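Worksheet: the structure to be examined is printed underneath.
Bear in mind that the values in this text are calculations on the coordinates, not laboratory data. Being a predicted model, the structure only gives us computed values, none of them experimental. Quick reminder, even Gly has a Cβ in these numbers, built from the backbone with ideal geometry, and neighbours come from all protein chains shown.
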Amino acid sequence: MDKLDAMHMFVRVVETGSFTKVAQEFATTQPTVTKQIAAMEARLKVRLLNRNTRGVSMTEAGALYYEKCKIIVNDVAEAENVVKVRQTQVQGQLRIGSSVAFGRRVLIPLAMDFMKHNPQVQVDLSFEDRYTDLVANGIDVALRLGKLADSSLGARMLGINPWVLVASNTYLRKHGTPRRPSDLKEHSTLIYSSVQGNDIWRLRSASGEPVSIPVTGRLRSNNLSALLAAARSHMGIAALPRYVAQDSLKDGRVVEVLKTCRLHEQEIHAVYPSPRLVPQKVQSFIAFMQGKFDDAWWEELPRGG
């Protein structure tokens, strides 16, 4: 038994006046309690309690020791209670990570809504396109797109992020509209270097067959907004997440190309530093996010952003 437990036992012996009652509280035996107090006295080289047939009383040294032990025991209990309450309540700072485009277009309005429902939470949004170490960067929970590597992180799948091919009507009138995936070889494409770095676009044909198409183009970027802007400026065909292209599809600045074909779809996951002892604020945020990426979730996004 450590010193803190022994102090707690000593305090309760003084307060109850009974070794037997304390043994019951600590789920042990009366001789064990007696031995612990005796060991404490031996270590301190002073008698703390007087025992007689009428009960237990403190010596002068015991009274001084009791007052100090009571403060320590109460402080520890209060510290543990603060942590337990914080763990079970939705409060405190919640640091959320995401990629830049997904964070700006998708996460911001969702985070604002979460904050409205949880007024005791302060949110810190961190957007990075590079891989971020959650522990090293103090991230409580991150939204990540794509397959997750095996790791010690906790994770919860939230939904699917589909991609589409888009181009402006002006570009298509000038260069023709692709009718089959192989037609993309003859077009100028706008390449997202973070995903399509090898200049190969992978689609599924109308019949469900996987097709890999080598593509070329004058513009590549690791920024999705830049590729959307280029597509709207009639510079070529872009492969974009549907949430990025949604507003431009609605207002006709771009149109979907090869509608019968499907591009890759990314899984959307909430990841957090450990699957064990997940803080309540993280659990609540994940629960809030579940159901947000069902069906055509991109159509529910506010315009702009």
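Globularity index of the range 1-152 is 1.75 (Cα radius of gyration / 2.2 N^0.38 Å, N = number of residues).
Kirkwood radius and radius of gyration were both taken over the C-alpha atoms of the range 65-191, and their ratio Rg/Rh is 1.25. Would you please state the base-10 log of I(q)/I(0) at q = 0.17 1/Å for the range 120-213, with intensities from the Debye formula using one equal scatterer on every alpha carbon? So the normalised log intensities work out to -0.95. Here the range 178-234 was treated as a single set of alpha-carbon atoms; its pair distances binned every 10 Å from 0 give 23, 50, 26, 1 percent.
Most fluctuating residue of Val46, Val211, Val135 in a GNM of the chain with Cα springs under 10 Å: which is it? Sorting by GNM fluctuation, first place goes to Val46.
Quick one: go through the range 269-297 and flag any residue whose amide nitrogen is under 18 Å from the point 7 Å out along the Cα-to-Cβ line of Gln91. Taking a point 7 Å out along Cα→Cβ of Gln91, the residues of the range 269-297 whose backbone N falls under 18 Å are 279-285. For the range 127-194 versus the range 17-34, the spacing of their alpha-carbon centroids is 64 Å. With bins 10 Å wide beginning at 0, the percent of Cα pairs of the range 225-289 falling in each bin runs 17, 34, 19, 21, 9, 0.
Fully extending the segment from Arg220 to Arg180 would add 12.1 nm, taking 0.36 nm per residue of separation and subtracting the current Cα-Cα distance. Checking the table Lys35/Lys68; Lys147/Lys174; Lys116/Lys259; Lys185/Lys259 against a 28 Å threshold on Cα-Cα, which pairs fail? Beyond 28 Å: Lys147/Lys174; Lys116/Lys259. Seen against the Cα atoms of the chain and their longest principal axis, helix 108-117 is set at about 40 degrees.
How far, in degrees from 0 to 90, does helix 3-16 lean away from the longest principal axis of the Cα atoms of the chain, to the nearest 10? The answer is roughly 50 degrees. Each label was represented as a point 7 Å from its Cα along the Cα-to-Cβ direction; for Leu44 and Asp199 these points are 8.1 nm apart. Matching the structure-derived Cα Rg over 2.2 N^0.38 Å against the labelled list [x] 1.65; [y] 1.12; [z] 1.57 gives the label [x].
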